[in-house]
1. For the list (1) of a type outside the set (Ser, Thr, Tyr); (2) assigned to a helix (DSSP H, G or I); (3) within 30 Å of Glu361 (Cβ to Cβ), I need the number of the one condition that Leu438 fails.
2. With the requirement that a residue be crowded, with 21+ Cβ neighbours inside 10 Å and farther than 21 Å from Gly233 by Cβ, what does the stretch 153-169 give you?
3. Only residues that are farther than 25 Å from Glu104 by Cα and either assigned to a strand (DSSP E or B) or modelled with pLDDT of 95 or more (or both): list them for the stretch 217-231, please.
4. Just a yes or no: is a residue in the stretch 195-211 of a type in the set (Asp, Glu) and closer than 28 Å to Gly122 by Cβ?
5. Among the residues of the stretch 336-361 satisfying the criterion of being out of contact with any Lys or Arg (no Cβ under 9 Å at 6 or more places or on another chain) and of a type in the set (A, V, I, L, M), which is nearest to Phe11 (Cα to Cα)?
6. Ala420: of a type outside the set (Ser, Thr, Tyr), part of a helix (DSSP H, G or I) and surrounded by fewer than 12 Cβ atoms within 10 Å (Cβ to Cβ), yes or no?
7. Let me confirm something: among Leu237, Leu263, which residue is crowded, with 21+ Cβ neighbours inside 10 Å and outside any loop (DSSP other than H, G, I, E, B)?
8. Based on what the data block shows, is Gly284 touching a residue at least 60 places away in the same chain (Cβ under 8 Å), farther than 30 Å from Thr79 by Cα and either touching a helix residue (DSSP H, G or I) at 6+ places or on another chain (Cβ under 8 Å) or surrounded by 23 or more Cβ atoms within 10 Å (Cβ to Cβ) (or both)?
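The values are calculated or read from the model by the stated rules, or taken from the named source; none is laboratory data. Please read these numbers as outputs of a predicted model, since none were measured by experiment. All Cβ positions, even for glycine, are placed from backbone atoms using ideal geometry, and neighbour counts span all protein chains on display. The protein model used for the area step is the full one, side chains on, heavy atoms only, and it has no ligands, DNA or RNA in it. Shrake-Rupley method; radii C 1.70, N 1.55, O 1.52, S 1.80 Å.
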Amino acid sequence: MSGTFVGMPAFPKAAHEAVRNTTLRANLKHATHTIRDKRARAVAELDDWALLREAGKQIKDHTLRHLDTYLVQLEEAVTAAGGIVHWASDADEANRIVTRLVKETGETEVVKVKSMATQEIGLNEALEEAGIAAYETDLAELIVQLGHDRPSHILVPAIHRNRGEIRDIFTKEMGQWGRPAPEGLTDTPAELAEAARLHLREKFLRAKVGISGANFMVAETGTLVVVESEGNGRMCLTLPETLISVVGIEKIIPTWRDLEVFLQTLPRSSTAERMNPYTSMWTGTTDTDGPQAFHLVLIDNGRTDTLADEVGRQALRCIRCSACLNVCPVYERAGGHAYGSVYPGPIGAILSPQLRGTTSEIDASLPYASSLCGACYEVCPVAIDIPEVLVHLRERVVQGGPATRQGNRVVLKPAKGHAAERAAMRAAGWAFVHPGALRAGQRVASRTRRFHPRTLPGPGRAWSATRDLPQVPAEPFRDWWQRTHGKKESGK
């Protein structure tokens, strides 16, 4: 397993293989349609949903504009409450910090709350190399871990698995990780959940170190917030003696009052619930309750580079609700693995290329993993204009240009394989600023329409292989307008 799936083929090739998997497509269609329908009903209950959405956007944008101030305020508040703050510029530094903190406790195993940030940096693999076993306790993450698999969805990492596959994984693998699955386990949800509960209970009671992420960090009080639906997070956050939270710097919000907005929009957009069953909040440490040592590891890992991009920075508003995945026609057919990142779907298509850059084949292909239908923008609870960022990143891939990488302003070279696209766009740009040439070209195209091929030659063949070329009209629009309206207008 690799947290960033480096080495995977570009999205078109990976998706081409994925769409042939009929079981995968059936699993995805059933799950995404169920979640999106429930979400629509939950959102419709709120008359002020549009105002909440705008409020969330404004809070996030304000925070990002003053991120330096609020991060310092957060560090001061966490430290005053008895916690220790660590700063990590990239994944390697974050992994070294967490590994050292675990080793200092003398423990060789940890229990984990579901965390996209730890997947992003490949923490489990780093701990394994250091001889430390990391046990996922979220049910879907447990399925992925036992199946030696990769997550394929932000909210439901095992969405690509059906009940029969989960039963087989539990029966085969649970005994290798701890308590084995019960004899005669069936694929009924209740039995699968009970098998997971029994398997995890001994780990909860034995573990001395817990590792989490956070949905939100409140700068005003130093409070961290985790929302979840199963109760495993509550176990990991309260039972261990040491708690290590690994959180991206963009998860901060200024005040306690700001939580009121997101605790309404996040559950409705993710699990289609009015409120998460478990909302855990902790501020530092106390002598009589919870972990006695708390460490907060704040990771950058490309986030300040993203912040420097005036168009792309809106991706940092993301609250990881996964609503955009559930309405995306591309994700529904290709699945999450094709994106080659722990952040799949529309948000992954704009976040991963900014965090990791667009130099690799997989990252250069992600901005094209979209039909630009706009459904993702319509459901986003913080109004991220994903289509706008996709087009922006496509321009970066094709044209290159200025960008910020590792804090330095650089000029990116165009990605390979886009020379024909650049030439076509330049030709189109020239034609649009020369009306006479455009008019002449349209007339030539109309008069030669019967000779036009059904597929494009050369590099264009890749485009027309899966699309019908639009037929050129018998008469250009300009000529038609002049013929039908020109005389009337000139007579006025």
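1. The number of the failed condition is (3).
2. His160, Arg161, Ile169
3. Matches in the stretch 217-231: Met217, Val218, Ala219, Glu220, Thr221, Val225, Val226, Val227, Glu228.
4. Looking for residues that are of a type in the set (Asp, Glu) and closer than 28 Å to Gly122 by Cβ, one finds at least one in the stretch 195-211, hence yes.
5. Ala349
6. It is false that Ala420 is of a type outside the set (Ser, Thr, Tyr), part of a helix (DSSP H, G or I) and surrounded by fewer than 12 Cβ atoms within 10 Å (Cβ to Cβ).
7. Result: Leu237 is the single residue among Leu237, Leu263 that is crowded, with 21+ Cβ neighbours inside 10 Å and outside any loop (DSSP other than H, G, I, E, B).
8. no
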